[in-house]
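Here it is, the structure in full.
The values are calculated or read from the model by the stated rules, or taken from the named source; none is laboratory data. Computed from a predicted structure; not experimentally measured. Counting neighbours? That spans all protein chains shown, and the Cβs are built from the backbone with ideal geometry, glycine included.
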Amino acid sequence: MPSILSAACTIRRKQPNDDTFISNLGEEAFAEYSPTAGSQTLSMSNRKGAVTLIAERNGSPVGLAILQLGEPLDRPGVAYLHAIAVTAPERGRGIGRKLLAKAVGLVRARGVREIQLSTADANLAALDLFTKSGFSITKRLEGHYRRGQAAYLMSKVL
């Protein structure tokens, strides 16, 4: 059933009218890690070199992925996945997997040889998604989030 549901999902680039959705989803998905999660997520999507992908179902946004290419990373050949999130009612339907695959394909097409991300060590759904998609844990980051939670730095060689 998830493959049928995810087939109805489309992925597109961020548009100016997506800012409210990005902020709201950032707050919904990441508030346990930061008291300013919504504004931080929006800020990440507006950084120089950022590419934000929006997942839509029936014309409504339901998920996002924010990638960083170039500045401020200044690491040739490496991209960073700042955020990936899906609205609560749409979770478990393959949208996160579809966003991640699109993000990896996008950076691979640009000649990126590695993609990195960090995720909370307690976020088992995210860890499952990333490991099943070929990411490996490279480091544990104690106190990584503003509220003190630890994270794992993960990497995938493309």
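Out of GLY77, GLY49, report the one residue that is in contact with a strand residue (DSSP E or B) (Cβ under 8 Å, 6 or more places away or on another chain), surrounded by fewer than 20 Cβ atoms within 10 Å (Cβ to Cβ), within 18 Å of ASP18 (Cα to Cα) and at pLDDT below 95. Break it down into steps so the answer makes sense when it comes.
Values: GLY77 fails: within 18 Å of ASP18 (Cα to Cα).
So the residue among GLY77, GLY49 that is in contact with a strand residue (DSSP E or B) (Cβ under 8 Å, 6 or more places away or on another chain), surrounded by fewer than 20 Cβ atoms within 10 Å (Cβ to Cβ), within 18 Å of ASP18 (Cα to Cα) and at pLDDT below 95 is GLY49.
Inside the range 17-57, can you point out the residues that are more than 15 Å from the chain's Cα centre (by Cα) and among the β-branched types (Val, Ile, Thr)?
Passing the criteria: THR20, THR36.
For the range 20-33, which positions are hydroxyl-bearing (Ser, Thr, Tyr) and out of contact with any helix residue (DSSP H, G or I) (no Cβ under 6 Å at 6 or more places or on another chain)?
Filtering the range 20-33 down to residues hydroxyl-bearing (Ser, Thr, Tyr) leaves 20, 23, 33.
Hits for the range 20-33 are THR20, TYR33.
Please go through the range 63-113 and pick out each residue that is closer than 15 Å to VAL51 by Cβ and either touching a Pro at 6+ places or on another chain (Cβ under 8 Å) or in a helix (DSSP H, G or I) (or both).
Residues satisfying the conditions are LEU99, LEU100, ALA101, LYS102, ALA103, VAL104, GLY105, LEU106, VAL107, ARG108, ALA109.
Mind checking which residues of the range 21-80 are over 23 Å from ASN123 (Cβ atoms) and hydroxyl-bearing (Ser, Thr, Tyr)?
The one that is over 23 Å from ASN123 (Cβ atoms) and hydroxyl-bearing (Ser, Thr, Tyr): SER60.
Can you tell me which of GLY59, GLY49, GLY77, GLY111 is on the phi > 0 side of the Ramachandran plot and touching a Lys or Arg at 6+ places or on another chain (Cβ under 6 Å)? First the steps, then the outcome.
Values: GLY59 fails: touching a Lys or Arg at 6+ places or on another chain (Cβ under 6 Å); GLY49 fails: touching a Lys or Arg at 6+ places or on another chain (Cβ under 6 Å); GLY111 fails: touching a Lys or Arg at 6+ places or on another chain (Cβ under 6 Å).
Exactly one residue qualifies, and that residue is GLY77.
Filter the range 127-155 for residues that are touching a helix residue (DSSP H, G or I) at 6+ places or on another chain (Cβ under 8 Å) and buried (at least 17 other Cβ atoms within 10 Å of the Cβ); which is nearest to ALA88 (Cα to Cα)?
LEU129
If a residue has to be within 14 Å of the chain's Cα centre (by Cα) and over 24 Å from GLU27 (Cα atoms) to count, how many in the range 62-110 make the cut?
4
If you take the residues of the range 7-26 that are assigned to a helix (DSSP H, G or I) and modelled with pLDDT under 95, which of them is surrounded by the most Cβ atoms within 10 Å (Cβ to Cβ)? Give the derivation first.
Keep residues of the range 7-26 that are assigned to a helix (DSSP H, G or I), which gives 7, 16-26.
Okay, now just the ones that are also modelled with pLDDT under 95, so 7, 16.
Values: ALA7: 10, PRO16: 5.
Taking the candidates together, the pick is ALA7.
Looking at the range 111-127 only, could you name the residues that are over 14 Å from the mean Cα position of the chain (by Cα) and under 24 Å from CYS9 (Cα atoms)? Give the steps one after another, and end with the answer.
Taking the range 111-127 and keeping what is over 14 Å from the mean Cα position of the chain (by Cα), we get 111-114, 121-122, 124.
If the condition is that a residue be over 14 Å from the mean Cα position of the chain (by Cα) and under 24 Å from CYS9 (Cα atoms), then LEU124 is the only one that fits.
For GLU56, are the conditions met, namely being out of contact with any strand residue (DSSP E or B) (no Cβ under 7 Å at 6 or more places or on another chain), within 20 Å of LEU129 (Cα to Cα) and surrounded by fewer than 19 Cβ atoms within 10 Å (Cβ to Cβ)? Don't jump to the end; show me each part of the working.
Details: out of contact with any strand residue (DSSP E or B) (no Cβ under 7 Å at 6 or more places or on another chain): no; within 20 Å of LEU129 (Cα to Cα): yes; surrounded by fewer than 19 Cβ atoms within 10 Å (Cβ to Cβ): yes.
No, not satisfied.
Still on this structure: Among the numbered conditions (1) touching a strand residue (DSSP E or B) at 6+ places or on another chain (Cβ under 6 Å); (2) surrounded by fewer than 17 Cβ atoms within 10 Å (Cβ to Cβ); (3) over 24 Å from SER39 (Cα atoms), tell me where GLY105 comes up short.
(1) is the only condition that GLY105 fails.
Check off (1) under 20 Å from PHE130 (Cβ atoms); (2) in contact (Cβ under 8 Å) with a residue 60 or more places away in the chain; (3) surrounded by fewer than 19 Cβ atoms within 10 Å (Cβ to Cβ) for ARG93 and give me the number that stays unchecked.
It is condition (3) that ARG93 fails.
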